[in-house]
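*Asks:* My questions will all concern the structure given below.
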Amino acid sequence: GKLESVPLQNATATLRKDEWKVLDDAIVLAAKERLRAVADLRSAGLTFTIPNGMGKTVLETETMSDITPAIVSMDPARQSEGDRPEFELSNLPLPVIHKDFYFNARQVATSRNSGAGIDTSTAQAAARRVSEEAEKLVIGTGGSISYGGGSVYGMTNFPGRITSAGLTDPTDVGWTPAVLVREILAMRQASENAMHYGPWILYTSPFWDLYLDDDYSAAKGDNTLRQRIAAINGVRDIRTLDHLTGQQMI
C-alpha cells in the first residue's frame, strides 16, 4: 500500500482565540505573618518623635539612680544620711530600615496597561518588608544593632530582661492548663518584684494557640485557657506574635 499524509482541519468554534480565558487583574499577594508588636506600642502611645531623625544617628539619654531612704526620729535636728542621685549617659543607635527596588521607564509603562502597576505593587511589598523588620527588631528575633557605643535590643534579647525558669511543655504527661496559669502568675510576680506593676500584654508564639483556645476545665464549654489567663489581674490581653518561635511566651 501507499502511505499518504492527510491534513487535519481545526474544529469550527463560535469563540475566538483565548475568549474562554479570564484574566484576573487582582494581584494575589503572598501569605504573610501578622504584625502586632509595633502596632501595640504605637496604640499605647509609646513613641518618641526625633526632630530631623534622618540627620541623627544616636539618641543619647540619661539614667538616674535612686537615693537612700529617709530616717524616722524624734529629733528633727538629727542629721540624716546625705545623698544625691547619680546620672549616667546611655546611647541608643537610630538605624534606618529600607528595602530598595527599581524599574526602568519602559517596564513601568508596560505594566500599567494591566491596571495594576508593578511600581506601586512592588512599593507595597517593599513597605511590608520594612514593617516586618521593624516588628522583628521590637521582638528581638531580628538580632541587635550596635553603633556609637550603644545597641538596639528587642523584648527577647535585651540583656536586662526578666526571665522565668521556663514553661512546662504542654505535651508532657501530667501537664494541665492550671500548670500554665501558675507559671504565668510567677511571671507576673517576677515583674512586680522588679517594680513593674503592669498592666501586661502576654505575647505567645503560634504554638500556644492550640492550647489557649482549648477548654480550661473538665466542664466543656465553661471557659477556655485563654479566658482563664485573661482573668488574671493586670493581664490586659493575650496575643499571638507570628515572629515568636518555638514555645516562647513574653
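*Asks:* Work out from phi, with θ = phi - 60° and the Karplus expression 6.51 cos²θ - 1.76 cosθ + 1.60, the ³J(HN,Hα) of each residue of segment 151-156, listed in order in whole Hz, and give x for Gly and Pro.
*Replies:* Ordered by residue, 3J(HN,Hα) equals 9, 9, 10, x, 5, 9 Hz.
*Asks:* Per-residue counts of other Cβ atoms within 10 Å, averaged by peptide: what ranking do you get for 235-242, 93-100, 46-53, highest first?
*Replies:* Ranked by mean Cβ neighbours within 10 Å, highest first: 235-242, 93-100, 46-53.
*Asks:* How much of the pair distance distribution for segment 141-198 lies past 18 Å, counting alpha-carbon pairs only, in percent?
*Replies:* The calculated P(r) of segment 141-198 puts 53 percent of pairs beyond 18 Å.
Laboratory data are not the source of any read-out in this text; all were calculated from the coordinates shown. Small disclaimer: the values here were computed from a predicted structure and weren't measured. Virtual Cβ from ideal backbone geometry, glycine too; neighbours counted across all protein chains shown.
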